[in-house]
1. Tell me which of A:Gly57, A:Tyr28, A:Ala8 sits at the most positive position along the dipole axis of the range A:2-277, charges placed on C-beta atoms (Lys, Arg +1; Asp, Glu -1).
2. Ignoring ligands, DNA and RNA, how do D:His198, B:His20 rank by accessible area with a 1.4 Å probe, largest first?
3. Could you work out the relative contact order of the range E:90-149? I mean the mean sequence separation of Cα pairs under 8 Å and 6+ apart, divided by the number of residues, in percent.
4. Order D:Ile12, D:Ile69 by their accessible area, 1.4 angstrom probe, all chains in place, largest first.
5. Under 12 Å from a point 7 Å along the Cα-to-Cβ line of C:Glu267: which residues of the range C:318-358 have their amide N that close?
6. What number comes out for accessible area per residue over the range C:73-229 if the probe is 1.4 Å? Units Å², please.
7. Please give me, ordered by residue number, the chymotrypsin sites (Phe, Trp or Tyr not before Pro) of the range A:90-166 that lie in loop per DSSP and have at most 10 other Cβ atoms within 10 Å.
8. In Å², nearest 100, what accessible area do chains A and C bury in total when the solvent probe is 1.4 Å?
Amino acid sequence: MLYVELLAQGLVQGSIYALVAVGLTLVYGLLRILHVAHAGLFTLGGYVGVLVTNATGSLLLALLVAMVTVGIVGMAIYRLCYQPILDKPPYVALIASIGLFIAMEEIYRLVFGPYGISFENPPLQDVVQMFGVTLRLGEVATAAGTLLLVGALAVFSGKTRFGTAWRATVTDPAMAESFGIDIIKVRYLNFFIGSAFAASAGVMVALLNNMVEPTMGSVPSYKALAIIVLRGLGDVRGTLVAALALGVIEAFGTIYLGKFLDRDAIAFAFLILVLMVRPQGLFGRA
Amino acid sequence: MTMLQLENMDCGYGAFHAVHDLSLTIEQGEIFALLGPNGAGKSSTIMSIAGHVQLMSGAIRFDGTDISSLSARERVRLGIAVAPEGRRLFPDLTIEENLTVGGYSLSREREAVNREIVFTLFPRLTERLKQPASTLSGGEQQMLAMGRAMMAEPRLLMIDEVSLGLMPKMVDVCYHAINHLKSQGVTILLVEQNTKRALEVADHVCVLESGQSVWQGTAAEAQNAPDLIEAFLGMAKEAS
Amino acid sequence: DTVKIGMNVPLTGFAAADGKSALLGAELAIEQANAEGGINGTQIELIQYDDLASPKEAVPIANRLISQDEVVVAISGSYSGSTRAAAGIFQSEGVPYVSAYAVHPDITKSGDYVFRTSFVGEVQGRAGAKLIGEMLGKKRVVVITLQNDFGQSLAAGFKEKAADYGIEIISEYEYSIKDRQFGPIVTKVKADQPDAIYASGYFFTAGPLVNQLRSAGIDVPVIGQEGYDSDKFIEIAGPTSEGVLITTSLDRDSTVAETQEFIKAFEKKAGYNADMVAASGHTAAKVVIEAMRKAGTTDRAAIRDAIAQTNLVASTGTISFNGLGEVKKDVQIQIVKDGAWHHFAVIDDKDLLAPPEE
Amino acid sequence: MLGLGAYEISVITAMGIAVIFALSLNLITGFCGQISLGHAAFYGIGAYTSALLTKAGFPIGVGLLGAVILAGLVGIVVGFASLRVRHDFLAITTMGVGFLFVGITRQMDFVGGEMGVSGIPASGFGKPGFMLFVMLCVVLTILFSLHLKRSWMGYSFDAIASDEDTAKVIGLDVSRYKLAAFAMGTALAGLAGALYAHNVRFIDPESFGFVESITVLAMVVIGGIGSVPGVIFAAALLSVLPLWIQFFDEYKLLLYGGLLFAMMRFSPGGMAGLARRIIPSKAKGARS
Amino acid sequence: MTMLLDVSAVTVRFGGVTAVNGVSFSLNKGELLGFIGPNGAGKTTMMRAITGVVTPTEGEIRLLGKNLTTLPVHQRVRLGLGFSQQLVKPFRNMTVLENVALAAGARHTASPFSALFRIKRDREKEQAAQLLAQVGIADAADADPSNLPLGYLKRLEVARALALKPSLLLLDEPLAGLNHAEAHKLADMIVALNRAGQSIILIEHNLGEVMRICSRLIVQDNGNKIGEGDPETVMNTAVVRAAYLGEGNDHVAA
Ligand SMILES: Nc1ncnc2c1ncn2[C@@H]1O[C@H](COP(=O)(O)OP(=O)(O)OP(=O)(O)O)[C@@H](O)[C@H]1O
Ligand SMILES: Nc1ncnc2c1ncn2[C@@H]1O[C@H](COP(=O)(O)OP(=O)(O)OP(=O)(O)O)[C@@H](O)[C@H]1O
Ligand SMILES: [Mg+2]
Ligand SMILES: [Mg+2]
């Protein structure tokens, strides 16, 4: 029973990682940018979610507003920050992204205060019993929402012509354009979807913690980087599986290995182990 | 009827001019060959027409309208497609997916029709539908590059280095495909190192050297101008 | 002409929230003192630098305060790492240095010029053991420890005295300061079925932790420490914060005029309710001001001696120091009742609370 | 001494240490093209080694030597990882190494655990003396970097940084070169870490975390990856920037982040690239 | 005559595709061997098996009697293999001259340790300049390879391979992308090299040049060796003509 509950907890945590990592995968896949500032968008999603819920009382509306506004901010970041340096080596964008992330955190601190903000009436706090496991409604919603969003995206990217166009844009944007693919649109849409996903994760974390802080993006920022590498050059589904796996490993790890390694170290020990055995990642081609 | 007209075109990279003051006219439905030694600017000319190399001055007219301000994507919608130098396939995509991208600007129905045409011309491709393009042999890649360009149903098809890396039989296959396209009314601009072969199929020829046009005329005239061939194309008499 | 007090405090980065409170607390003490005529007629000036709570930054800052700004004394409104690094420099240059709320045990070991106005972790840990084992009478306890110097020293103190109060520690878990999701730990604690939970943390970790423990149906007492001590904790944990007990230094229901005045004045200055860090910043500043007044000179050695002799009523209680420079004061126990911190009890057991002498 | 106050001395010392640290990463990332997001781990290994050795009574020379050796040895082990994974995968793997270092030191009581190590002996040269010693190390590190860049090793690194597979085709034992880069770079980071330990005299795991790894990478990239003068300048500047912009108060970190971003956005070649644009005549002859 | 290279029963499979199927051949010192075959016949794959980029599923490869089959690429190069690849890959952070000079300095770079203590590279630069002149791209010595046309890069590859002073030089389609005159010139250069004692395997589709310069041919089709011998005889066998020139069963749609 304990194991089942731990598994459930791991899956909930893994869902959050998945939502953040999927967006990062999209950006990394398309532009080979380690988009650390993605975590800043996650935080922004949390802030918008809490503020709108507090103002209107509707969590669903807040989620929608957060996804749309953050999606737009994501597109703006692409346009203003990354587009001009796309042809530069990857570490240029990496450092730019880190600088951006630091600046974003500081802006949140200056605008929303250093203590963070909480829901006035935290929604979805009820407890439900499912298959003998006790979960908060918020946790159930998180897991279900993730499956829905990521599942939809997996179908969209795997089964559609747009998905193929997206992958063509990945390796040779100029040629893709030469066959009628609107690469500008692909990139904007890419950032919109990725950022909106991060925002939804931010709202869900806000819900689970009843708190949004300026620095809450730091953990997802590097965990998500680990996940997109774990998954190798697979697809959206691969990211989901890797994220859930990491969530579960952390859940068991904190209980049974917590004395030797902290949570981050457990996650990265797992990552290194996998990469040493399979340098191309869990699902990558040799 | 004139399909493509370059007027005093200059194009290049950054401050470097790869092509100077090039003017030429390509008629609807003909095969036009662009010849010249390495570094003459043939590829640059093609990529400039496709919208990838920066135009510095002059104009590119397609069907009489200046397209120099259009993006590469808009040009393919007008019916200009390219099988570029180095093939530039999408390496992680399979043969099938590369063709899908080729027909991206068309409806699914047209895409399916074109796919059949490509498969008839290059049956070899059907054997390896799920193989990533990066693992194809050189010749297979060339077929795919041509097939991909044909998927776009171009009115003007530009092919850079048609026979590069192809065995004689494959060269025949490719030229057969080119003739087939011509019979369908497609205009073709090709770059070729195999001068003899090019002169056999082409209607008009332009010889470039160091970024400048040094000779233009019909293929027949070119074949009868041994000086020209000696001087710029280096086609020795005994070479086959 | 003014008398200068130096301060290193994190104003940006992850520790900025605490840094801000500590700075406002210290500023308040100085404003109050200046209104009363400063130090024997001379106004006091506070010179503060942002140390990002990083030891690396603290070293040049300490040197700058001493050699360029020529401060007479200094206080730390920062965390352990930077305070520990700066303490060595203040000690070697002979400048009195008072730490407001950093918990690392080695800080005062830097030497005789370094003092601390807050409890070392061990002392609070021991008080927690007494609270659970004796005052609440709970015996089967789960310990949840924050992985940093604060959590580690609290746990050490708690374990040291646990047996004395008949407490059995049935299991122990650790978490990192970045964690907000405690699902796995909560699940395991539920299976452990303890009588009480001793959990170290700060309001931003403890808020989610308590909320998640309660949501999972665990309703045994949760005992925390001064890290919880902020209205923010109640805001985050919401109604589930009711009944949580902490050991701390600020008694909001105190009848002592000094404490009540501070609480009111701070709220007026800062625009939010006082917390433990704010009170600690205020206390540390007040200690050095009083000592300067008493010493009546800017001679640093004399001021050091005066600090060592401190016997002062401050917002966090009656302050005096032992030979090592550790504070001697009572431990306040606060409880969340009706959405606010309130008095629950005081522990004044001198032996139990005796800070380390070396 | 030298007319410098204690503050200036501590600033110069900190700058010097940062320069050594940044140049050490420049060997790996700048010269050999192997990106690392966990370089602070080796800085930490050096710091802990020297701190513990000197606390145990060994002279500082032994401490520094031990730091260099141990950091270099662990560096070789991590270098083996670089033989398995490449590019961004390597970046994330090294990032993982950084987290493992912090996670493990936190839980190891004999190196102080969460409490870190305090009371680390000072150098014994006095503050000005220590500053001069650090400067000596800086000069030696710079000379070594410059020499390396001109040597056949640096030449080979250029090839490996450009295209590993082709480097093999011209007969380079890419694995050994990469290991050499890791060994040298991490050993130097160990030296920098040891100097840090004796300067700050208190170390804890957090001081060698992800943020520190990012900071040093930022120094290298902002300086202009592979450019020795650029990296020196960037390291000196960025290491003291937070102190110099104190008057920006609350906005300090915002400004810092903004600067990192703006530098990359508007001068992707870093300071070296910027300098090259301003003084174009210097463009050639950067190599050879 | 000494046997330089001995390939015995080499098979290479990629998943379901058998790119090379039990091919054996050998090469004597001083030979210029043409390796031809239709597109997709497995020529490049065979060459990769020799150079060590792919590992044969079965079979053995020996150079001067030494078994290469399990050695990494760089060791094979040190043992005397030099090759120019079908897809050109210059070092883009160096000039053309530096690309070649680095290869010419192979003795300095054998071990990282000794490489650290050597600086002078004048001699290597001189050699590189000579080689560039030899392949006819001396004018591009100081150019950035990224800005060069394919024809130049092809020759850069050859020059870089020659700089290693290999005992066996493998060339994968060096003439592709060159016009007749240039191809002719480069082919002449290959012959000159061979006359000077260089052993060479040449993969090439330019049959005219191959027939002109090679002393012996091997024909591969669909992974199998289908012909071997002097050019005239080989090209006249029916099976070769069918596979290579498309005579007989022409399956091209009319
Ligand atoms: N990306 C580039 N950047 C800068 N210069 C370039 C670039 N590509 C080509 N050039 C230069 O432009 C000129 C013309 O090159 P182009 O590739 O058009 O010649 P080409 O006739 O196609 O030659 P080839 O037969 O070798 O393919 C050459 O001098 C070449 O160096
Ligand atoms: N990694 C791989 N995975 C699957 N198939 C492969 C792989 N590499 C090569 N092949 C296949 O093996 C066959 C032989 O390829 P190879 O490149 O050796 O041919 P080639 O003789 O050099 O042809 P060309 O003259 O066209 O260059 C081809 O059909 C190719 O598609
Ligand atoms: Mg070309
Ligand atoms: Mg081939």
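1. A:Tyr28
2. Details: D:His198 5, B:His20 65 Å².
Result of the area sort, largest leading: B:His20, D:His198.
3. 52
4. Putting D:Ile12, D:Ile69 in descending order of accessible area: D:Ile69, D:Ile12.
5. C:341
6. Ligands and nucleic acids excluded, the result is 22 Å² per residue.
7. Sparse-neighbourhood loop chymotrypsin sites (Phe, Trp or Tyr not before Pro): A:Phe131.
8. Values: alone 13800 and 13490 Å², together 24360 Å².
It comes to approximately 2900 Å² buried between A and C.
The values are calculated or read from the model by the stated rules, or taken from the named source; none is laboratory data. None of these values were measured; they are calculated from a predicted model. Quick reminder, even Gly has a Cβ in these numbers, built from the backbone with ideal geometry, and neighbours come from all protein chains shown. Heavy atoms of the whole protein, side chains included, go into the accessibility calculation; ligands, DNA and RNA do not. Shrake-Rupley method; radii C 1.70, N 1.55, O 1.52, S 1.80 Å.
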